[in-house]
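Down below is the structure, laid out as structure tokens.
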Amino acid sequence: MIKVFADKEALAWAAAELFAAQARQAIAARGRFLVLLAGGETPRRTYQLLAQDPHRRQIPWWDVHFFWGDERCVPIDDPRSNAAMAQKALLDHLPLRPEQIHPIRCDRSPQLSADRYQAELIDFFAGAVPCFDLALLGLGDDGHTASLLPGSAALEEQVNWTAVTRRREEDFSRITLTTPIINQAAVVLFLVAGGGKATVLAKILNPPTEAISYPAQLIRPRSGDLRWWADHAAASLLDESRICRGI
Ligand code: 6PG
């Protein structure tokens, strides 16, 4: 079932509400909230809403740790950087200690940077299987998510938590978390907005099929909760039977 919201603003507001609720719940239960941030453009508005009241004051930010599902191997101040986008939209506005922010640093070769991020995850989770409380994901119009790109070897990766990918049309590599770690998350929330995603979203969600045609279909939380949220434009080709209406 997918939840559909009137427009991008309603979608972003609902995502900020869920983020705040999950954060309060995780911190009350375990003393910390581990969130995997998505890149691209869609989540920007959600991050901006979280950076301002009422959401900002609802979350004990000093107990939140920020990770990324993927990163483009570009300079940290490059506007294409996922970390730079989240830093500007959200993190710069919060009372955080540097050790709460875990960007995928790309100052080495892509593979060395990917290996280093995996080592940082192993160290942070002290050898336990990493379980993010909330994993935010976007959806590309080719069905990719994070930087799990169609046809990439990363789709088959079942051991390593990170991988390097590259899109033909881009002059930079990408580092992505792989499905084994993403699928450990307690809640996975796809945020999909805009008419440009309508076709691929319908192909993924309309026929409840076991056939895997798109990378996003590999996201199947082992025991967690998978939620698809979209705005009206992105959901415009979905069977009505697949929709529940958000506010
Ligand atoms: C990235 C993102 C990617 C993104 C989708 C949707 O680094 O590009 O992680 O997976 O979520 O491409 O991007 P938009 O939100 O910009 O449509």
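The values are calculated or read from the model by the stated rules, or taken from the named source; none is laboratory data. Computed from a predicted model, the values in this text were never measured in an experiment. Glycine also receives a Cβ, built like all others from the backbone with ideal geometry; neighbour counts cover every protein chain displayed.
In the range 205-230, what residues are in a strand (DSSP E or B) and more than 19 Å from residue 148 (Cα to Cα)?
Within the range 205-230, 225, 229, 230 qualify.
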Which of the following residues is in a loop (DSSP other than H, G, I, E, B) and within 16 Å of the ligand (Cβ to nearest atom): 135, 233, 154, 198? 233
Suppose the filter is of a type in the set (A, V, I, L, M), touching a residue at least 24 places away in the same chain (Cβ under 8 Å) and over 28 Å from residue 17 (Cβ atoms); does residue 159 pass it? no
Look at the range 71-120 and say how many of its residues are more than 16 Å from the ligand (Cβ to nearest atom), of a type in the set (A, V, I, L, M, F, W, C) and surrounded by fewer than 16 Cβ atoms within 10 Å (Cβ to Cβ). 2
Cβ pairs under 8 Å, 6+ apart, first in the range 108-126 and hydrophobic (A, V, I, L, M, F, W, C), second surrounded by 12 or more Cβ atoms within 10 Å (Cβ to Cβ) and modelled with pLDDT under 95: 121/130; 124/130
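When you scan the range 168-177, do you find a residue that is crowded, with 17+ Cβ neighbours inside 10 Å, without any contact (Cβ under 8 Å) to a residue 60 or more places away in the chain and basic (Lys, Arg), even just one?
So in the range 168-177, the residues crowded, with 17+ Cβ neighbours inside 10 Å come out as 173-177.
Okay, now just the ones that are also without any contact (Cβ under 8 Å) to a residue 60 or more places away in the chain, so none.
Looking for residues that are crowded, with 17+ Cβ neighbours inside 10 Å, without any contact (Cβ under 8 Å) to a residue 60 or more places away in the chain and basic (Lys, Arg), one finds none in the range 168-177, hence no.
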How many of the residues in the range 63-87 are touching a Gly at 6+ places or on another chain (Cβ under 8 Å) and over 24 Å from residue 215 (Cβ atoms)? 1
